[in-house]
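The values are calculated or read from the model by the stated rules, or taken from the named source; none is laboratory data. Please read all numbers here as calculations on a predicted model, not as lab measurements. Using ideal geometry, Cβ is built from the backbone for each residue, glycine included, and neighbour counts are taken over all protein chains shown. Surface areas here come from the heavy atoms of the whole protein model, side chains and all, with no ligands, DNA or RNA. Shrake-Rupley method; radii C 1.70, N 1.55, O 1.52, S 1.80 Å.
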Amino acid sequence: MRVLVTGGDHTGPLAAVRALRAAGYEPWVGATSRRAYAARSRAAAGTIVLPYSGSEPAAFCERLGGALGQLGLAVVIPGTEEDLIAISRSPNAMLRSAAGLPGLDVVLRITDKTALYRQAAELGLQVPGTKVIDRDGIVEVSAAEFPLIVKPIRSARALAGGDLIRTDARLITSRDQLRSLIDDLEDGGWLVQSQLGGRLGAVCGVALGGQVVSVVHQVSRRVWPPGVGVSAFAETVPADSELEADVARLIDALRWSGIFQAQFIHDDHGPHLIDVNPRVYGSLALATAAGVNLPGIWAALVTGSQVEPTTYQVGVRYRSEELDLRALLHLAVHGRPLAAWKGVLPRRHTTHSVLALSDPAPGLTSLGKLGRHIHHALRPRGSEGTSRSGVPATAGQDRA
């Protein structure tokens, strides 16, 4: 049975392709380049080069719809939020059916953080203190509130011309920096949140018609960038039954169908919901390594196959080579060399975002990125690397 995963330019879809192959499917890749992570994978049966769905959604869906018939695809799994929205808006009913998605209203609701926080709060989940502001609302932010996290209302943010562009969370330390950032990022409303001190965790799973089918609980031991980043090194942990029940009620209220990752910051006051990623996510390889093949389960649900209950193994670890290297270097140069050294040491039961002895070719994409990072680092300071606001770009929500 052929299944196509879009967004192959990112490591989450690479994990999905590998998981589908392990589950007995014939995975195909949709990507903007044949040099993409998933396109280079030995697990992939082939690659369809697709336009970027954020700027060319009609052409993206037309090409994807053509592949649906030509390849006899049974399932299409969106690998990015832009792909998810494009497919949900497509007039091609066969394409929407192959993706197994709920209605467009459900997709737009779960990707709207204001609607998400409102629904979560109504169900009794804790959410960060949040303001919606634009340029004129900056004066309402007091100096005592900094540092702050600033993020768009929807991660796949609509520009004035209708194009979608991925815009990630930023850590902001002053009103001037906030003003420059919002001027730089142009139109749209923005969410301003208190920065929570705590550990990043997630309940990851798959649901059908709002009913959660399987879950995996994880925590991040290291993130990148510090304070606002995504999982660089993570580990599966015992299930928190109360938190899992909260997530199940939220997914049910949102009527979600598909793979999801509900992210929390855990502090002394408990877990605070910061986002729900309704798609393939960056650390997906951890769930597969722990024994819960979320892409395989979702493909089975879309095609009406029987799905058996699955449990996951606690203590399985995940390392994003590209992000964890930077996180460890940050520890080393900021007074924690022992922690950095311990982090470098190999750990048993660790899966990786890219590197795999049985599937080495995607590592070439990582090497290319590493070369570009080194070139960027060696450029004269101030020549590039920040926005007009002077705010360094951060890693995306668990997407990489």
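Condition first: open to solvent by 50 Å² or more (accessible area, probe 1.4 Å) and within 29 Å of residue 306 (Cα to Cα). Now tell me which residues in the range 24-43 satisfy that. If you could, list the steps in order and put the result at the bottom.
So the first thing to find is which residues in the range 24-43 are open to solvent by 50 Å² or more (accessible area, probe 1.4 Å), and the list is 24, 26, 32, 34-35, 40, 42.
Residues satisfying the conditions are 24, 26, 42.
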(message) What's the total number of residues in the range 338-370 that are without any contact (Cβ under 8 Å) to a residue 60 or more places away in the chain, open to solvent by 80 Å² or more (accessible area, probe 1.4 Å) and assigned to a helix (DSSP H, G or I)?
(response) 5
(message) When you scan the range 5-15, do you find a residue that is in contact (Cβ under 8 Å) with a residue 24 or more places away in the chain, buried (at least 24 other Cβ atoms within 10 Å of the Cβ), in a strand (DSSP E or B) and not small (Gly, Ala, Ser), even just one?
(response) yes
(request) Among what's in the range 44-54 and is part of a loop (DSSP other than H, G, I, E, B) and either among the β-branched types (Val, Ile, Thr) or open to solvent by less than 50 Å² (accessible area, probe 1.4 Å) (or both), pick the residue that is nearest to residue 30 (Cα to Cα). (result) 50
(message) Against the definition (in contact (Cβ under 8 Å) with a residue 60 or more places away in the chain, within 22 Å of residue 359 (Cβ to Cβ) and polar (S, T, N, Q)), how does residue 47 come out, yes or no?
(response) no
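Can you tell me which residues in the range 248-283 are part of a loop (DSSP other than H, G, I, E, B) and either without any contact (Cβ under 8 Å) to a residue 24 or more places away in the chain or over 19 Å from the mean Cα position of the chain (by Cα) (or both)? Full working, then the answer.
Let us first name the residues in the range 248-283 that are part of a loop (DSSP other than H, G, I, E, B), namely 255-257, 268-269, 278-283.
Once the filter is applied, which keeps residues that are part of a loop (DSSP other than H, G, I, E, B) and either without any contact (Cβ under 8 Å) to a residue 24 or more places away in the chain or over 19 Å from the mean Cα position of the chain (by Cα) (or both), the range 248-283 yields 255, 268, 269.
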(request) Could you figure out which of (1) over 26 Å from residue 34 (Cβ atoms); (2) of a type outside the set (A, V, I, L, M); (3) in contact with a Phe, Trp or Tyr (Cβ under 7 Å, 6 or more places away or on another chain) isn't true of residue 351? (result) (1)
(request) All but one of (1) out of contact with any strand residue (DSSP E or B) (no Cβ under 7 Å at 6 or more places or on another chain); (2) of a type outside the set (S, T, N, Q); (3) open to solvent by 10 Å² or more (accessible area, probe 1.4 Å); (4) touching a residue at least 40 places away in the same chain (Cβ under 8 Å) hold for residue 245, so report the exception by its number. (result) (4)
